[in-house]
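These notes are about the structure you will find just below.
The values are calculated or read from the model by the stated rules, or taken from the named source; none is laboratory data. Please read these numbers as outputs of a predicted model, since none were measured by experiment. Counting neighbours? That spans all protein chains shown, and the Cβs are built from the backbone with ideal geometry, glycine included. Areas reflect the complete protein model, heavy atoms only, side chains present, ligands, DNA and RNA absent. Shrake-Rupley method; radii C 1.70, N 1.55, O 1.52, S 1.80 Å.
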Amino acid sequence: MFYREAGDFKVSYQQDSQTFPIKFDRYRYYAVMAFAFLVIPFVINDYWANAILLPFLIYAIAAIGLNILVGYCGQVSLGTGGFMAVGAYACYKLMTAFPEVSMIVHVLLSGGITAIVCVAFGLPSLRIKGFYLAVATLAAQFFLVWLFNRVPWFYNYSASGQINAPERDVFGIIVTGPNASAWATYTFCLIFLTFCALVARNLTRGTIGRTWMAIRDMDIAAEIIGVNPLKAKLTAFAVSGFFIGISGALFFAVYLGAVEVGEAFGITKSFLVLFMVIIGGLGSIFGSFAGAAFLVLLPVVLKVLGVDVLGWPTDIVAHFQLVIVGALIVFFLIVEPHGLAQLWRVAKEKLRLWPFPH
Amino acid sequence: MPEQLVFAMEVTLNGLMAGVLYALVALGFVLIYKASGIFNYAQGVMALFAAMTLVGIMNGQVPFSHLINAILGTEIHHFGWHLPGIVGIILTVAVMVLFAWMVQQFVMRHLVGQEPIILFMATIGLAYFLEGVSDLMWGSEIKKLDVGLPQGINLLIDETTFNIFGYGFFIDNLDIVATVIAALLVASLVIFSQYTKQGRAMRAVADDHQAALSVGISLNFIWVLVWSVAGFVALVAGIMWGTKSGVQFSLSLIALKALPVLMLGGFTSIPGAIVGGLIIGVGEKLFEFAIGPMVGGATENWFAYVLALLFLVFRPQGLFGEKIIERV
């Protein structure tokens with residue numbers, strides 16, 4: 001009834017190429033943005049921020065980054081944890097070296113540094129494809145984690161080998177360290193997520209996104225019709241690295257505050273973000289959000305159900321979580337290989353025809 | 001003979017032994033990849049699961065006892081028997097065959113014809129699932145596995161080398177046994193695939209699914225067979241690693257170590273898996289010995305991957321892999 005293009009006339013090219021062509025979608029988008037920016041910061045408390053909202057926002061950025069690489073450009077990467085560590089350590093070095101500079105600059109710069117590292121590890125992708133590339137990116141994962149563990153310069157020669165986020169602010173509002181308030185950290189991450197999602201959305205529907213998808217669908221054919229594989233693959237690695245670096249920096253500085261690299265950015269992190277992308281939907285920005293929300297909420301829900309309601313020991317619940325995540329991944333791959341995003345798309349398609357399906 | 005050289009020789013020998021163990025895990029990968037084109041990430045977890053099941057059966061542990069106790073409030077833990085190793089191994093093989101059948105029935109059958117990367121991700125899901133199940137079934141604490149394999153320093157080698165070089169090499173008996181068993185395993189696999197009906201059918205399926213179907217080979221049966229054989233190889237690897245360092249979660253991470261082995265050797269070649277394993281084993285031990293102290297040690301964590309990465313840049317199909325031909 002209300003969810004359709006009819007009656008919504010486009011009178012300029014600008015209107016014709018807008019992100020949400022259907023009026024209902026557009027208003028829904030504005031409503032979500034207004035709710036996220038104007039309502040949640042005023043009602044948020046520490047538990048909600050730390051248990052659900054911050055991890056969701058930060059993982060969503062990482063998932064968007066990985067989705068660009070895996071979902072749009074078809075280059076499977078298992079090095080996400082290592083690249084997030086690059087973002088975190090870059091942010092740490094910048095924060096301690098230039099204390100008076102705003103955090104926004106630090107986070108963006110960490111993204112840039114990660115992009116450079118990511119491109120360096122992406123260079124072999126020109127020769128290596130498919131699985132071989134997936135395994136080659138493991139080299140990045142293990143090498144980077146080892147590097148941050150072993151070279152004392154990266155953790156400023158601290159005795160514990162950990163890095164701790166000092167207190168830094170944005171326009172006078174503290175966003176890192178133990179004294180940061182929940183609303184400030186939340187809004188800070190939300191701004192970055194919005195920025196990343198907007199950039200990603202507009203990149204993927206433009207020329208550069210189309211070259212990525214051409215490479216993904218068949219790289220030789222794409223090369224023959226004139227797509228430059230060097231440029232397409234390396235830009236995908238760079239953009240992806242930029243987002244993943246931002247999420248790594250936020251993960252360390254805003255969310256955790258103190259990081260031991262092997263624990264926080266190990267191989268399990270790489271798989272976690274990859275699962276978000278698969279469950280959410282390969283090649284979809286909305287899917288990155290859905291996958292991140294799903295995998296952040298799942299442990300919380302399971303913990304509440306298992307430990308608080310049924311009274312099981314926590315280790316059994318933790319094992320169940322593995323079983324359920326594993327089963328869900330297999331289930332999604334069998335039933336809906338395109339993930340939650342496809343379910344959403346189908347629902348929207350149904351809604352467009354409703355209530356006259358023929 | 002200079003001391004450094006003698007040390008290097010000992011390190012090389014130990015590296016060769018470690019390489020054999022990597023090769024054992026890699027072998028399981030190659031088998032499944034050759035027969036079904038599936039890159040089975042769950043191989044390492046299968047080794048963990050097999051070793052845990054073996055320990056559980058031998059000690060008479062009640063499966064899922066922790067969970068049952070939590071739900072029903074009972075206090076059951078053991079059946080109260082202790083089985084000899086060989087019975088335990090036979091029962092574990094049965095469990096692995098059952099697992100193979102279930103994987104085929106509930107997962108792989110529904111994914112026929114999907115892209116390889118989707119299948120790969122399905123096996124990652126499978127790995128998580130199996131890891132959770134094995135923890136639920138047998139508990140997640142570190143277990144001791146002892147099926148009667150010899151362990152400890154080999155005195156004969158120690159003495160002989162002491163007489164020759166004036167320095168006794170430390171070689172674990174277990175590593176020697178592992179090498180012998182790996183050689184036997186590879187030999188029997190080659191004989192199986194060359195001279196038996198099922199083995200030939202397996203190779204036919206590996207060559208061309210459609211053609212194999214059209215001459216009356218049951219794909220379902222062959223895939224269950226392949227997964228069972230891979231389960232058996234996983235069990236052997238699990239026993240070796242489990243005896244060496246206890247049955248624990250880190251066992252499943254050897255799958256990650258097997259990946260660079262495979263890339264070096266090529267995914268489709270059994271000799272490749274062996275040679276790749278040896279190269280990685282020797283390479284990482286020697287690198288740690290020679291360069292490790294200079295850069296802070298623990299280079300074994302990443303050396304294998306970086307070596308494989310550099311190698312692939314020059315030869316993308318691995319040492320013995322089939323040449324990759326790409327067409328539009």
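Miscellaneous remarks
- Here A:A115 does not fit the description of being crowded, with 23+ Cβ neighbours inside 10 Å, within 13 Å of chain B (Cβ to nearest Cβ) and under 18 Å from A:A85 (Cβ atoms).
- Condition met for A:Q321 (within 21 Å of A:K269 (Cβ to Cβ), out of contact with any His (no Cβ under 9 Å at 6 or more places or on another chain) and polar (S, T, N, Q)): yes
- Condition check for A:R201 on (1) within 17 Å of the chain's Cα centre (by Cα); (2) among the basic types (K, R); (3) exposed (fewer than 15 other Cβ atoms within 10 Å of the Cβ): one failure, at (3).
- Among the residues making up the range A:287-321, those that are modelled with pLDDT of 80 or more, open to solvent by 40 Å² or more (accessible area, probe 1.4 Å) and either farther than 18 Å from A:N50 by Cα or acidic (D, E) (or both) are A:L305, A:A318, A:F320, A:Q321.
- So A:Y47, is it hydroxyl-bearing (S, T, Y), in a helix (DSSP H, G or I) and open to solvent by 10 Å² or more (accessible area, probe 1.4 Å): yes
- With respect to the stated conditions, B:I124 is within 9 Å of chain A (Cβ to nearest Cβ) and in contact (Cβ under 8 Å) with a residue 60 or more places away in the chain.
- Within the range B:36-54, the set of residues being part of a helix (DSSP H, G or I) and either out of contact with any Phe, Trp or Tyr (no Cβ under 8 Å at 6 or more places or on another chain) or of a type in the set (V, I, T) (or both) comprises B:G44, B:V45, B:A50, B:T53, B:L54.
- Check on B:T243, touching a residue at least 12 places away in the same chain (Cβ under 8 Å) and outside any helix (DSSP H, G or I): no
- Residue within the range A:137-146 that is away from chain B (no Cβ under 14 Å), open to solvent by 10 Å² or more (accessible area, probe 1.4 Å) and either among the β-branched types (V, I, T) or in contact (Cβ under 8 Å) with a residue 60 or more places away in the chain (or both) present: no
- Checklist (1) of a type in the set (V, I, T); (2) under 22 Å from B:S65 (Cβ atoms); (3) surrounded by 14 or more Cβ atoms within 10 Å (Cβ to Cβ) applied to A:V325, failing item: (2)
- Helices (runs of 4 or more DSSP H) (entirely within the range A:213-282) containing at least 1 residues that are within 14 Å of chain B (Cβ to nearest Cβ) and acidic (D, E): A:219-224
- B:F287 vs. criteria in a helix (DSSP H, G or I), under 20 Å from A:V135 (Cβ atoms) and at the interface with chain A (Cβ under 10 Å from one of its Cβ atoms): no
- One residue from A:L38, A:L53 being in contact (Cβ under 8 Å) with a residue 40 or more places away in the chain and either polar (S, T, N, Q) or surrounded by fewer than 24 Cβ atoms within 10 Å (Cβ to Cβ) (or both): A:L53
- Considering the conditions (1) outside any helix (DSSP H, G or I); (2) open to solvent by 20 Å² or more (accessible area, probe 1.4 Å); (3) in contact with a Gly (Cβ under 8 Å, 6 or more places away or on another chain), A:G74 is excluded by exactly one of them, (3).
- Note on the range B:290-313: among residues that are more than 12 Å from B:M263 (Cβ to Cβ), assigned to a helix (DSSP H, G or I) and open to solvent by 50 Å² or more (accessible area, probe 1.4 Å), the one that is farthest from the other protein chains (Cβ to nearest Cβ) is B:A290.
- Scanning the range B:232-264 for residues that are farther than 25 Å from B:P316 by Cβ, within 14 Å of chain A (Cβ to nearest Cβ) and of a type outside the set (A, V, I, L, M) yields B:F249, B:S250, B:S252.
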